[in-house]
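Input: a single structure, listed below in structure tokens.
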Amino acid sequence: MKLYYAPGACSQAPHITALEGGLSLQLVRVTLGKSVTEHGENYKDISPLGFVPLLQLDDGRTLGECSAVVQYLADQAPAAGMLAPAGSFERYKTQEWLSFIATELHKGGFSPLFNPNLSAEARTGTLKTLHNRLDYVARHLQDRDYLVGDRFSVADAYLFVTLGWTGYLKLDLSAWPTLASFVQRIAARPAVQAALKAEGLLG
Ligand SMILES: N[C@@H](CCC(=O)N[C@@H](CS)C(=O)NCC(=O)O)C(=O)O
């Protein structure tokens with residue numbers, strides 16, 4: 001399998017998932033601004049919208065959308081327990097969090113803040129919304145280590161990656177000690193360290 005990724009982007013969630021599951025993955029780095037892969041391919045020929053992540057199976061089929069990709073990978077490594085069995089309520093809870101992270105945090109909260117042309121007024125509104133959503137996640141994690149149940153899931157991988165963007169955006173995560181300690185806890189996992197290293201994000 002190949003994973004098209006960009007360092008520190010949401011594609012890090014499937015990268016972590018694959019490493020947690022012991023799956024073998026070939027990484028292909030994409031320069032997002034130029035939409036070109038490390039092999040010089042025009043990335044839009046591979047992924048028409050130019051988004052990472054994109055997973056390419058050995059038979060050539062592709063799967064996009066972060067939430068779908070992490071679920072597919074977790075199902076390839078069931079022993080790692082990153083996604084409860086199909087039909088279980090716990091699986092729907094994990095999907096609830098994946099959807100919340102993808103829409104409310106990633107696209108609705110963080111993405112606009114990466115836009116250098118965002119007006120000051122829009123930035124203030126987006127930050128207010130993001131703070132409310134982070135408050136909600138922090139309250140949920142107040143008395144638990146993971147988003148769902150008592151073990152690491154694909155939702156934790158995705159949340160970890162999005163919270164990491166506070167560093168790029170110079171937002172102070174220490175305002176949410178629960179979230180700051182979540183990030184530390186997840187960052188300490190060997191598979192997460194390996195993913196950060198492979199993406200060139202560790203010193
Ligand atoms: N709906 C997509 C969005 C993925 C996405 O926004 N990826 C970002 C990186 S985190 C990207 O590829 N941005 C490049 C661009 O917007 O051109 C998903 O959930 O996978």
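From the list ALA198, ALA187, which one is surrounded by fewer than 16 Cβ atoms within 10 Å (Cβ to Cβ) and modelled with pLDDT of 95 or more?
So the residue among ALA198, ALA187 that is surrounded by fewer than 16 Cβ atoms within 10 Å (Cβ to Cβ) and modelled with pLDDT of 95 or more is ALA187.
Can you find, within the stretch 94-107, the residue that is nearest to ALA68 (Cα to Cα) among those that are within 12 Å of the ligand (Cβ to nearest atom) and surrounded by fewer than 17 Cβ atoms within 10 Å (Cβ to Cβ)?
Result: SER99.
Of the conditions (1) more than 13 Å from the ligand (Cβ to nearest atom); (2) out of contact with any Phe, Trp or Tyr (no Cβ under 8 Å at 6 or more places or on another chain), MET82 fails just one. Which one is it?
(2)
Give the residues of the stretch 38-79 that are within 23 Å of TYR158 (Cα to Cα), among the polar types (S, T, N, Q) and not in a loop (DSSP other than H, G, I, E, B), sorted by residue number.
Those that are within 23 Å of TYR158 (Cα to Cα), among the polar types (S, T, N, Q) and not in a loop (DSSP other than H, G, I, E, B): GLN56, THR62, SER67, GLN71, GLN76.
In the stretch 18-43, how many residues are away from the ligand (no atom under 13 Å from the Cβ), small (Gly, Ala, Ser) and more than 24 Å from MET82 (Cα to Cα)?
So the count comes out to 1.
Got at least one residue in the stretch 154-165 being of a type outside the set (Phe, Trp, Tyr), surrounded by fewer than 12 Cβ atoms within 10 Å (Cβ to Cβ) and at pLDDT 95 or above?
Checking the stretch 154-165: not a single residue is of a type outside the set (Phe, Trp, Tyr), surrounded by fewer than 12 Cβ atoms within 10 Å (Cβ to Cβ) and at pLDDT 95 or above.
From THR162, THR129, grab the single residue that is hydroxyl-bearing (Ser, Thr, Tyr) and touching an Asp or Glu at 6+ places or on another chain (Cβ under 9 Å).
Being hydroxyl-bearing (Ser, Thr, Tyr) and touching an Asp or Glu at 6+ places or on another chain (Cβ under 9 Å) holds for just one of THR162, THR129, which is THR129.
Look at LEU118 and say whether it is surrounded by fewer than 16 Cβ atoms within 10 Å (Cβ to Cβ), away from the ligand (no atom under 12 Å from the Cβ), of a type in the set (A, V, I, L, M, F, W, C) and modelled with pLDDT of 95 or more.
The answer is yes for LEU118.
It is to be established whether one or more residues within the stretch 24-40 are within 28 Å of THR166 (Cβ to Cβ), loosely packed, with under 11 Cβ neighbours inside 10 Å and of a type in the set (Ser, Thr, Tyr).
no
The values are calculated or read from the model by the stated rules, or taken from the named source; none is laboratory data. Just so it is clear, the model here is predicted, and its values are computed rather than measured. We place every Cβ from the backbone using ideal geometry, glycine too, and count neighbours over all the protein chains shown.
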